[in-house]
Amino acid sequence: MTTPGEAMISVDEARERILAFFGRLPAERRPVLEALGQVLAEDVVAPFDIPPLDNTAMDGYAVRAADTAGASAAAPVALSVIANLAAGYVFEHEVGPGQAVRIMTGAPIPQGADAVVPFEETDEPLRGVGEAAAKGSSVRVFKAAMPAANVRFRGEDVGMGQVVVPGGRVLRPAEVGVLASLGVVEVPVYRRPVVAILSTGDEIAEPGTPLSPGHIYDSNAYSVAAQVKKFGGIPRLLGIARDTVEEMTARIREGLVADMLVTSAGVSRGDFDVVKDVLAREGAIDFWTVRMRPGKPLAFGAFEAPGGRKVPHLGLPGNPVSSMVSFELFGRPAIFKMLGRSDWERPVVRAITRDAVGNADGRRFFARCIVSRGDDGRWYASLTGAQGSGMLTSMSAANGLAIIPEDVPGAQPGDEVEVLMLDWEHAP
Ligand code: AMP
Ligand code: MG
């Protein structure tokens with residue numbers, strides 16, 4: 001049974017309606033390291049070649065390859081060493097026939113030389129400590145070098161003028177490094193969304209304050225703020241609003257400077273009507289019953305900030321697991337869209353369930369589970385225990401959510417299920 005204005009919709013429809021509201025935020029310039037996880041707003045073009053000069057890939061001797069023709073351990077070729085060149089220095093003279101330059105990895109290949117003979121193919125290792133071939137001595141080469149051997153060529157990684165990181169690319173550690181290799185210190189990226197988070201309820205207390213009888217600490221604001229942060233947004237905690245019209249209204253208004261407002265609790269049927277009243281009065285909000293478990297009640301709409309800007313509002317259910325799962329399904333894609341990311345769909349693995357999972361009420365069930373690889377190399381999923389939506393530790397023990405579709409009455413041990421992976425790197 002639904003009340004007027006409280007439509008029963010599927011997870012996909014709720015997500016579609018919510019995402020339709022969000023778009024990419026404007027670009028800003030950020031230091032490359034801080035832009036990790038943000039999306040590049042313009043192509044970055046190489047201002048020079050990388051590497052900028054031909055250089056050696058090995059410690060050894062820069063030689064004319066032709067000089068080493070026929071060299072072997074039995075018949076070494078002796079070359080006279082005219083310099084000792086460290087990385088970071090350029091040898092200004094030419095390597096002539098019969099000559100070699102002792103050269104360290106990364107140092108530019110001197111004029112005249114066209115190959116590098118590694119130390120191991122010379123008498124270098126036979127010398128005592130401190131007796132390396134110095135300028136003026138000679139080196140014996142035990143193996144013929146092919147032209148270009150051990151040479152890294154100018155521009156072989158990146159050519160000047162080439163698009164090195166295209167606009168639209170998410171910056172990962174590798175891109176941060178590539179940008180630094182081009183000497184780039186700041187990049188244009190789409191701005192991170194600021195997400196204001198408000199907890200509601202007379203029973204909710206701030207961690208760090210004494211807990212009165214009948215009260216519980218606010219976990220929703222913290223788990224959701226952590227999700228916001230992890231997904232690339234900037235959380236702003238607005239604290240806890242008591243169930244009064246004045247306090248709710250005042251706190252919501254404080255949140256309207258953000259790109260998105262998230263509240264938790266007060267959207268379910270049994271709730272004190274204050275929350276719903278204020279939401280309905282202050283904004284254009286829909287109350288939905290989403291065919292999912294945990295979760296189900298969800299509010300979504302927009303408030304009008306001073307100046308007429310529309311601030312989207314996601315009203316999460318109060319139960320801690322419902323709040324996290326709902327934010328995972330609806331808040332995460334919204335943040336990704338604002339960041340300019342299109343890759344908000346999580347990887348899903350097919351795993352064999354070790355436990356029976358019941359799903360009697362026609363909703364999409366997201367069962368907290370641990371996915372691990374079995375001895376047979378296949379993926380297995382085990383439930384993290386009781387699935388009550390108030391049991392946040394069941395979420396903490398999980399690395400994935402097994403998805404039992406609306407029209408499937410459950411799964412038996414040995415059945416294959418799809419699991420939405422929350423974490424690969426922190427599998428408990
Ligand atoms: P409600 O949606 O207001 O009916 O709340 C559902 C359940 O979630 C109740 O048991 C609340 O006490 C609990 N709850 C609501 N807000 C929070 C919160 N911020 N942190 C932890 N639990 C909460
Ligand atoms: Mg409540």
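The values are calculated or read from the model by the stated rules, or taken from the named source; none is laboratory data. Only a predicted model underlies this, so the values are computations on that prediction, with no experimental measurement involved. Counting neighbours? That spans all protein chains shown, and the Cβs are built from the backbone with ideal geometry, glycine included. Accessible surface is based on the protein model in full, side chains and every heavy atom, while ligands, DNA and RNA are left aside. Shrake-Rupley method; radii C 1.70, N 1.55, O 1.52, S 1.80 Å.
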### Message
Quick test for you: out of ARG309, ARG332, ARG281, ARG350, pick the one residue that is open to solvent by 10 Å² or more (accessible area, probe 1.4 Å), away from ligand 1 (no atom under 15 Å from the Cβ) and within 22 Å of the chain's Cα centre (by Cα).
### Response
ARG332
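So that you can scan it fast, the table gives a plain yes or no per residue for (1) in contact (Cβ under 8 Å) with a residue 60 or more places away in the chain; (2) under 50 Å from the mean Cα position of the chain (by Cα); (3) closer than 24 Å to VAL158 by Cα; (4) part of a loop (DSSP other than H, G, I, E, B):
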| residue | (1), (2), (3), (4) |
| --- | --- |
| MET58 | yes, yes, yes, yes |
| TYR61 | yes, yes, no, no |
| SER72 | yes, no, no, yes |
| ALA100 | no, yes, no, no |
| GLY136 | no, no, no, yes |
| MET146 | yes, yes, no, yes |
### Message
For a quick check of your reading of the model, give me the residue pairs whose first member lies in region 377-396 and is open to solvent by less than 30 Å² (accessible area, probe 1.4 Å), whose second is among the hydrophobic types (A, V, I, L, M, F, W, C) and in a helix (DSSP H, G or I), with beta-carbon atoms closer than 6 Å and at least 6 apart or on different chains.
### Response
MET395/VAL321; MET395/MET324
### Query
Can you pull out the residues in region 160-207 that are more than 15 Å from ALA46 (Cα to Cα), part of a strand (DSSP E or B) and more than 16 Å from ligand 1 (Cβ to nearest atom)?
VAL170, PRO188, VAL189, TYR190, VAL194
### Query
Within the group GLY232, GLY266, GLY239, GLY255, which residue is part of a helix (DSSP H, G or I) and either within 15 Å of GLU203 (Cα to Cα) or of a type in the set (Gly, Ala, Ser) (or both)?
GLY255
### Query
Which pairs have Cβ atoms under 8 Å, sit 6 or more apart or on different chains, and link a residue in region 150-178 that is among the acidic types (Asp, Glu) to one that is modelled with pLDDT of 95 or more and open to solvent by 90 Å² or more (accessible area, probe 1.4 Å)?
GLU175/ARG169
### Query
GLY208: farther than 21 Å from SER342 by Cα and not assigned by TED's automatic domain parsing to the domain that holds LEU316, yes or no?
no
### Task
Can you confirm whether region 47-67 contains a residue that is within 30 Å of ARG192 (Cα to Cα) and open to solvent by 30 Å² or more (accessible area, probe 1.4 Å)?
yes
### Task
Give just the number: which of (1) open to solvent by 20 Å² or more (accessible area, probe 1.4 Å); (2) within 11 Å of ligand 2 (Cβ to nearest atom) does SER264 not satisfy?
(1)
